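Working notes, beginning with the structure itself.
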2 protein chains.
Amino acid sequence: MEKDTRTKLIAAATRLFAEKGYEGVSIRELAQQAGVNSALISYHFSGKEGLYTAVLENQFTMMLELADRILHNSLTPEQKIREYAVTVLSIHQSSPTLIRFLYSELFHPSPCFEVITQRFLAKIFQTLALSFTEGIAKGQFRPDLNVENAVISLAGIMNFYFIARPLTQNLVAGSEAGAQAYIEQALEIFLAGIRRGNKDG
Amino acid sequence: MEKDTRTKLIAAATRLFAEKGYEGVSIRELAQQAGVNSALISYHFSGKEGLYTAVLENQFTMMLELADRILHNSLTPEQKIREYAVTVLSIHQSSPTLIRFLYSELFHPSPCFEVITQRFLAKIFQTLALSFTEGIAKGQFRPDLNVENAVISLAGIMNFYFIARPLTQNLVAGSEAGAQAYIEQALEIFLAGIRRGNKDG
DNA sequence: GTCTATATTGCGATAGAC
DNA sequence: GTCTATCGCAATATAGAC
């Protein structure tokens with residue numbers, strides 16, 4: 001049992017950090033939940049902060065891999081938006097704790113977050129913005145769209161379901177198995193809303 | 001200077017808690033930023049936790065007052081959705097730190113959060129859900145809408161701009177003075193997306 | 001109501017035996 | 001690689017003078 005200690009620590013730390021936040025959990029609690037000695041955190045990760053960084057990198061790596069799907073292919077603007085939607089669904093389903101780390105980092109960023117901001121979020125943003133620009137140029141989307149705002153609207157409508165899940169689990173009665181159904185309807189609402197000829201006024 | 005100490009402490013605490021989170025700030029720092037002695041936190045608020053609760057109650061009170069606008073009047077379904085949008089804008093503009101406390105509480109709830117969940121969020125959710133149901137019944141909205149999901153889509157598209165602001169301030173070049181413009185476009189996208197006859201086939 | 005000084009606890013990190 | 005024991009520090013809270 002040498003390398004297994006790292007794995008057990010990361011697994012316990014992912015759960016505990018997601019639940020209580022970085023400062024809300026002590027190294028003693030982390031070690032206890034992992035079933036190892038607390039001194040091993042310093043030995044394997046150079047301290048609590050190193051363990052947290054390892055957890056973040058582990059979480060964000062899955063996101064980066066999935067993201068290549070939308071970035072490295074040639075699709076129509078609408079297809080790229082659809083691809084973004086299913087990618088969002090995949091990310092949240094394969095890593096349900098990710099959203100907590102993402103928003104914890106968003107509001108209280110650690111040094112490690114800049115990597116994600118620059119390598120992932122900015123890239124996604126620009127890719128989507130280009131898709132909107134292209135869709136407008138081709139006459140598929142409303143010509144009066146502000147592309148930056150459209151990107152935020154798309155990201156908001158796709159991600160908020162997972163952000164608000166702690167609430168909706170209590171508010172909505174039978175809300176499970178609904179992530180995919182949500183994404184599908186949200187996608188149709190959004191696409192119908194930006195297509196040419198649906199302008200209000 | 002008796003009651004002024006409470007005010008100064010709440011003001012400093014609102015700023016510091018929003019910036020660093022509950023555990024990220026000490027009572028010494030709180031007192032120093034407020035320009036008072038640290039022992040006065042225990043005297044006036046029975047400790048750090050009491051001060052945090054006072055900050056939360058102060059933040060959430062404004063939200064509750066503004067929320068009455070959508071709840072206590074008889075508007076058409078589309079008018080209620082528009083009223084919700086401008087209310088969201090008002091809330092975030094009059095209290096820019098609120099979103100941080102809201103999501104901090106969403107992921108790491110303190111006892112005080114249940115009050116908000118029950119008195120505000122659930123009420124808003126149900127009011128909007130009723131508006132969608134009514135709009136569908138009157139033939140104004142697409143008949144295949146899932147109302148719970150539509151509420152989440154609306155909340156997501158309206159709030160995400162303010163959630164993602166720490167990011168977009170770095171990502172988008174000249175993004176200021178854009179909150180109202182965002183809300184207006186997001187509203188048109190959403191309404192165009194749920195109106196009858198815009199269904200994707 | 002406000003201050004100084006201090007009690008007490010819990011934290012992260014590490015030295016050193018095995 | 002793992003464990004025990006402990007160090008040093010910073011945290012909150014409070015007692016008591018003013």
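The values are calculated or read from the model by the stated rules, or taken from the named source; none is laboratory data. Quick caveat: nothing in here was measured; it's all calculated off a predicted structure. Note: ideal-geometry Cβ built from the backbone for every residue, glycine included; neighbour counts use all protein chains shown.
Summary of computed values
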{"read-out": "Options B:172, B:151: the member that is at pLDDT below 95 and not aromatic (Phe, Trp, Tyr)", "value": "B:172"}
{"read-out": "Residue B:186 closer than 26 Å to residue A:169 by Cβ, in contact (Cβ under 8 Å) with a residue 12 or more places away in the chain and either outside any loop (DSSP other than H, G, I, E, B) or hydroxyl-bearing (Ser, Thr, Tyr) (or both)", "value": "yes"}
{"read-out": "Answer from A:131, A:104 - the residue that is within 8 Å of another protein chain (Cβ to nearest Cβ) and modelled with pLDDT of 95 or more", "value": "A:104"}
{"read-out": "From A:135, A:139, A:156, residue being closer than 30 Å to residue A:16 by Cα and without any contact (Cβ under 8 Å) to a residue 60 or more places away in the chain", "value": "A:156"}
{"read-out": "Hey, residue A:129 among the hydrophobic types (A, V, I, L, M, F, W, C) and either surrounded by fewer than 20 Cβ atoms within 10 Å (Cβ to Cβ) or under 20 Å from residue B:18 (Cα atoms) (or both) or not", "value": "yes"}
{"read-out": "Odd one out for residue A:10 among (1) within 23 Å of residue A:120 (Cα to Cα); (2) more than 14 Å from chain B (Cβ to nearest Cβ); (3) loosely packed, with under 14 Cβ neighbours inside 10 Å", "value": "(3)"}
{"read-out": "Hey, residue A:186 within 9 Å of chain B (Cβ to nearest Cβ), within 22 Å of residue B:127 (Cα to Cα) and surrounded by 20 or more Cβ atoms within 10 Å (Cβ to Cβ) or not", "value": "yes"}
{"read-out": "Any hit, region B:140-152, residues being facing chain A (nearest Cβ under 7 Å) and under 30 Å from residue A:109 (Cβ atoms)", "value": "yes"}
{"read-out": "Residue that is away from DNA strand D (no atom under 16 Å from the Cβ), under 30 Å from residue A:140 (Cβ atoms) and aliphatic (A, V, I, L, M), where the choices are A:81, A:116", "value": "A:81"}
{"read-out": "Test: residue in region A:123-142 that is assigned to a helix (DSSP H, G or I) and within 30 Å of residue A:24 (Cβ to Cβ)", "value": "yes"}
{"read-out": "Matching residues, region B:18-53, being closer than 19 Å to residue B:114 by Cβ and either within 14 Å of another protein chain (Cβ to nearest Cβ) or within 14 Å of DNA strand C (Cβ to nearest atom) (or both)", "value": "B:22, B:49, B:52"}
{"read-out": "Output for region A:143-166, where each listed residue is of a type in the set (A, V, I, L, M, F, W, C), part of a helix (DSSP H, G or I) and within 16 Å of the chain's Cα centre (by Cα)", "value": "A:151, A:152, A:154, A:155, A:157, A:158, A:160, A:162, A:163"}
{"read-out": "Subset of region B:90-117 (residues that are surrounded by 18 or more Cβ atoms within 10 Å (Cβ to Cβ) and outside any helix (DSSP H, G or I))", "value": "B:95, B:108"}
{"read-out": "Selection within region A:33-55 - more than 24 Å from residue A:98 (Cβ to Cβ) and near DNA strand D (Cβ under 7 Å from one of its atoms)", "value": "A:36, A:37, A:38, A:39, A:40, A:43"}
